[in-house]
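See structure below.
The values are calculated or read from the model by the stated rules, or taken from the named source; none is laboratory data. Predicted, not measured: the structure shown is a model, and the values here were computed from it. Virtual Cβ from ideal backbone geometry, glycine too; neighbours counted across all protein chains shown. In case anyone asks, the SASA skips ligands and DNA or RNA and just uses the protein heavy atoms, side chains included. Shrake-Rupley method; radii C 1.70, N 1.55, O 1.52, S 1.80 Å.
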Amino acid sequence: KIPIYSIKRVFVQQSKSVEETYVVFVRYLKKLVKEPQYSRIFLGVPGLLTVVFASLYLAGLFQYAGAVFAIIVGGVMFTKGFNLDKYAVALWHSSPIRFLTAIIAVIVCTVAIYRGAATALLYLSAGESLGYVTGIFLQNTVDLFILGLGIFIGGRLFIKYVEESPELWHDIVFLVALIFLRQILMEAVPIIQNPLADFTPLLITVGLAVLTCSLLVAFFTLIGKVALKRGESSAKPA
């Protein structure tokens with residue numbers, strides 16, 4: 001033990017709320033830096049915006065900074081709001097082929113909608129009627145959009161074929177229905193543009209679509225029942 005020679009008192013004014021705020025702030029700051037689910041949003045997105053804005057400034061396109069900001073922030077909010085990132089990760093782990101076909105399908109469908117909207121706006125600015133412009137939009141959108149959906153369904157069909165899934169015929173019927181859907185929309189365009197146009201081709205196409213899909217469903221259902229009965233009969237002991 002060392003003897004005490006003197007004592008000096010120091011008075012410090014402390015605030016409990018300030019100390020608690022500091023501790024909480026430091027704790028959340030560490031979360032933002034170290035945990036990926038937070039750092040991607042609070043560090044990654046501002047960093048991406050900074051790089052994009054700097055690139056636009058250097059390229060002399062800074063007037064588009066507002067639109068780019070809205071696209072990036074809106075895309076992040078949309079993705080997080082509908083948990084699309086988690087769905088994409090789960091889809092990738094379950095089947096990379098399905099994930100890639102889904103990405104390709106989204107790109108193709110987006111291009112289809114953009115193409116149709118851009119073309120429709122040209123006719124709308126020229127003073128055409130809303131019905132005529134709607135028909136132009138469908139004509140310039142349907143083919144690529146159906147192709148995108150077909151790519152996605154084709155990916156699912158391939159996976160089910162590899163896995164020998166009994167629900168393989170669902171996607172086959174869906175692909176056939178897509179082909180008829182394309183024709184139905186194209187037959188609807190003249191009616192949209194001119195309500196007095198003949199709707200007989202549309203009725204014929206709809207009838208053929210319903211008949212064909214119904215026959216396919218009945219056919220595949222019958223095959224499934226026959227295969228099930230054969231399996232049950234072969235499983236019975238002799």
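Quick notes on this one:
- Flag for F82 being surrounded by 14 or more Cβ atoms within 10 Å (Cβ to Cβ) and either more than 30 Å from G135 (Cβ to Cβ) or modelled with pLDDT under 85 (or both): no
- Residue within region 179-201 that is over 27 Å from the mean Cα position of the chain (by Cα), crowded, with 16+ Cβ neighbours inside 10 Å, assigned to a helix (DSSP H, G or I) and in contact (Cβ under 8 Å) with a residue 60 or more places away in the chain present: yes
- In the set T221, T205, T212, only one residue is part of a helix (DSSP H, G or I), modelled with pLDDT under 90 and within 28 Å of F152 (Cα to Cα); that residue is T221.
- Being under 26 Å from I223 (Cα atoms), surrounded by fewer than 18 Cβ atoms within 10 Å (Cβ to Cβ) and either in contact with a helix residue (DSSP H, G or I) (Cβ under 8 Å, 6 or more places away or on another chain) or among the hydroxyl-bearing types (S, T, Y) (or both) is true of L175.
- Only residues that are open to solvent by 60 Å² or more (accessible area, probe 1.4 Å) and either part of a loop (DSSP other than H, G, I, E, B) or of a type outside the set (D, E, K, R) (or both) were counted across region 139-148, and they come to 3.
- Residue check for G127: open to solvent by less than 80 Å² (accessible area, probe 1.4 Å) and part of a loop (DSSP other than H, G, I, E, B): yes
- When R156, R98 are checked against the criterion of being under 30 Å from A218 (Cα atoms), without any contact (Cβ under 8 Å) to a residue 60 or more places away in the chain and either open to solvent by 50 Å² or more (accessible area, probe 1.4 Å) or not in a helix (DSSP H, G or I) (or both), a single residue qualifies: R156.
- Test: V133 is β-branched (V, I, T) and either over 22 Å from H170 (Cα atoms) or in contact with a Lys or Arg (Cβ under 6 Å, 6 or more places away or on another chain) (or both): yes
- Residue list for region 18-71, restricted to those being surrounded by 11 or more Cβ atoms within 10 Å (Cβ to Cβ), of a type in the set (G, A, S) and at pLDDT 80 or above: G47, A54, S55, A65
- Count of residues meeting criterion [closer than 10 Å to G155 by Cβ and free of Cβ contacts under 8 Å to residues at least 60 places away in the same chain] in region 63-95: 0
- Once region 202-224 is narrowed to residues that are closer than 21 Å to E167 by Cα and not hydrophobic (A, V, I, L, M, F, W, C), the residue that is surrounded by the most Cβ atoms within 10 Å (Cβ to Cβ) is T212.
- Considering region 101-124, and only residues there that are of a type outside the set (D, E, K, R), over 16 Å from F152 (Cβ atoms) and open to solvent by 80 Å² or more (accessible area, probe 1.4 Å), the residue that is nearest to the chain's Cα centre (by Cα) turns out to be Y114.
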